[in-house]
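Colleague: Take this structure first; my questions come after.
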Amino acid sequence: MEITITPRKRWTGRIAVPGDKSISHRAAILAALAEGDSLIENFLDSADTNATVRCLEALGVEIRRMDEETLLVVGRGLDGLRESQEVLHCGNSGTTLRLLTGLLAGFNFFSVLTGDASLRSRPLGRVIEPLKKMGAKLMARHDNELAPVAVQGGKLKALKYKLPIPSAQVKSAILLAALRHGHGTEITETIPSRDHTERMLAAMGMKLTIADGKITLDGGNKLEALRARIPGDISSASYLMAAAAIVPGSKLEIPSVCVNPTRTGFFNLLKRMGANVKIESKKNADLGEDVGDILCETESLTGINVNPEQVPAAIDELPLLAVVATQAYGWTRVTGAEELRVKESDRIAGVVEGLQKMGARIEEKPGGFAVEGPSPLQGARLDCKGDHRLAMAFAVAAQVAKGETVLEGAEAVDVSYPNFWSVFAPASTLV
Ligand code: S3P
């Protein structure tokens, strides 16, 4: 699908974003293992989260859709999953593949998990290696590095593990593997990654100790069912924040967004650039999360340096930061973000290629990029590389570009923000 973007004159008013993707995956998975029925509201109805739902159904879990965004999950208890007769297809979703590989390593049956061409090229060894140390039997393509992966699960032993890279997916895979018989498992992370799994497990009655970068799963023999509302996705909200920050005369409110500090990295970077962004009405919400309303108004911006410690909390938004940096005074440099090369696409190469086509001064670096701004952008024909985050970042760039921007592969947004185009480019042409 191709989209021709007509930019909005300014971004004003109040725009809500769909439920958080990371939290939606986890809520469906943990509700499946809970005692009794869980009701999950504002569940993200997208290709990625629906892949998780379909895999859970194949594993014997009954999931009823009360409406588009409300799920009733019939919990089967911690021992309740059964062997799937089919290969579990995770589509484009790294979270589905990595979290379920971890979970299934603890079940005494055979599973095969795969995904689309992009997912089959993304690293899985980072999950397989610690799971093997716990005693699981796994085999994957390309010397245990790539999906499809075959898992013969079983009784696992507790693991003490230092994460070699900050990754919430790896951390969560280990925690899910340890849920049934890996109590005492300790995971150390040097840079914190998103902690939704830990918060949700604690909210459902599991005992965890979290101190000095070490997460210990102390135990608990059941998960309590959920009655929860998923907060808005701050990653989706970032595109709106960015548009309001750079399109002159904008003033936008984005209500009820998850403002968990492991996810506010982009918000903080934008603030450091001088953006007029703030969080109001912050309060505790379901699942151990914090929510608040985000307000953003246009302001002149200056370039910043983003160092490796700041990368994990903003990882999915760094291509968007490159777009914002094209409109900021001076240099913005991002280092230590090599992980961007193994996301749904090589996001460093993709964003540099796209923004250069639009006339930006941006240089590709091994672990990031350097952008010199401000520079006027020209509308161009861009390839989204099958990557939702690139498509949405380019849509923001198009808001300040002169002339038409045409995005090829615009349907990529379906994996995380299916109504993105209706919000972002209502007057645009879809082909
Ligand atoms: C996610 C973790 C991050 C992030 C991804 C979602 C999660 O990946 O990029 O979009 O839900 O745990 P890594 O764990 O690979 O950093």
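The values are calculated or read from the model by the stated rules, or taken from the named source; none is laboratory data. Just so it is clear, the model here is predicted, and its values are computed rather than measured. Cβ atoms come from the backbone with ideal geometry, glycine included; neighbour counts cover every protein chain shown.
Colleague: Which residues, counting only those in region 1-22, are of a type in the set (Val, Ile, Thr) and touching a strand residue (DSSP E or B) at 6+ places or on another chain (Cβ under 7 Å)?
Modeller: Selection gives Ile3, Thr4, Ile5, Thr12, Ile15, Val17.
Colleague: Also, quick follow-up: Which condition from (1) farther than 20 Å from Leu156 by Cβ; (2) crowded, with 23+ Cβ neighbours inside 10 Å; (3) not assigned by TED's automatic domain parsing to the domain that holds Gly292 is the one that Leu201 breaks?
Modeller: Of everything listed in (1) farther than 20 Å from Leu156 by Cβ; (2) crowded, with 23+ Cβ neighbours inside 10 Å; (3) not assigned by TED's automatic domain parsing to the domain that holds Gly292, Leu201 misses just condition (1).
Colleague: Does Val324 satisfy the condition of being within 21 Å of Val17 (Cβ to Cβ), outside the structural domain of Arg122 (by TED's automatic domain parsing), among the β-branched types (Val, Ile, Thr) and not in a loop (DSSP other than H, G, I, E, B)?
Modeller: Yes, satisfied.
Colleague: While we're here: Can you tell me which of (1) crowded, with 19+ Cβ neighbours inside 10 Å; (2) farther than 22 Å from Gly36 by Cβ; (3) small (Gly, Ala, Ser) is the one Gly125 doesn't meet?
Modeller: That leaves (1) as the condition not met.
Colleague: Could you tell me which of the residues Leu72, Leu81 is among the aliphatic types (A, V, I, L, M), without any contact (Cβ under 8 Å) to a residue 60 or more places away in the chain, more than 15 Å from the ligand (Cβ to nearest atom) and assigned to a loop (DSSP other than H, G, I, E, B)?
Modeller: Answer to the selection: Leu81.
Colleague: For region 338-359: of the residues being hydrophobic (A, V, I, L, M, F, W, C) and crowded, with 16+ Cβ neighbours inside 10 Å, which is farthest from the ligand (Cβ to nearest atom)?
Modeller: Met358
Colleague: Among residues belonging to region 169-199 that are on the phi < 0 side of the Ramachandran plot, away from the ligand (no atom under 11 Å from the Cβ) and of a type in the set (Gly, Ala, Ser), point out the one that is nearest to the chain's Cα centre (by Cα).
Modeller: Ala177
Colleague: Would region 291-304 turn up any residue that is surrounded by 16 or more Cβ atoms within 10 Å (Cβ to Cβ), under 22 Å from Ser416 (Cα atoms) and under 18 Å from the mean Cα position of the chain (by Cα)?
Modeller: yes
Colleague: For region 249-296, how many residues meet the condition of being farther than 26 Å from Glu41 by Cα and polar (S, T, N, Q)?
Modeller: Total satisfying the criteria: 3.
Colleague: So, one more: Taking the options Leu208, Leu252, Leu287, name whichever one is on the phi < 0 side of the Ramachandran plot and touching a residue at least 40 places away in the same chain (Cβ under 8 Å).
Modeller: Step by step, each of Leu208, Leu252, Leu287 is checked, and only Leu252 is on the phi < 0 side of the Ramachandran plot and touching a residue at least 40 places away in the same chain (Cβ under 8 Å).
Colleague: Mind telling me which of the residues Asn268, Asn284, Asn221 ends up being farther than 22 Å from Val170 by Cβ, modelled with pLDDT under 95 and surrounded by fewer than 24 Cβ atoms within 10 Å (Cβ to Cβ)?
Modeller: Answer to the selection: Asn221.
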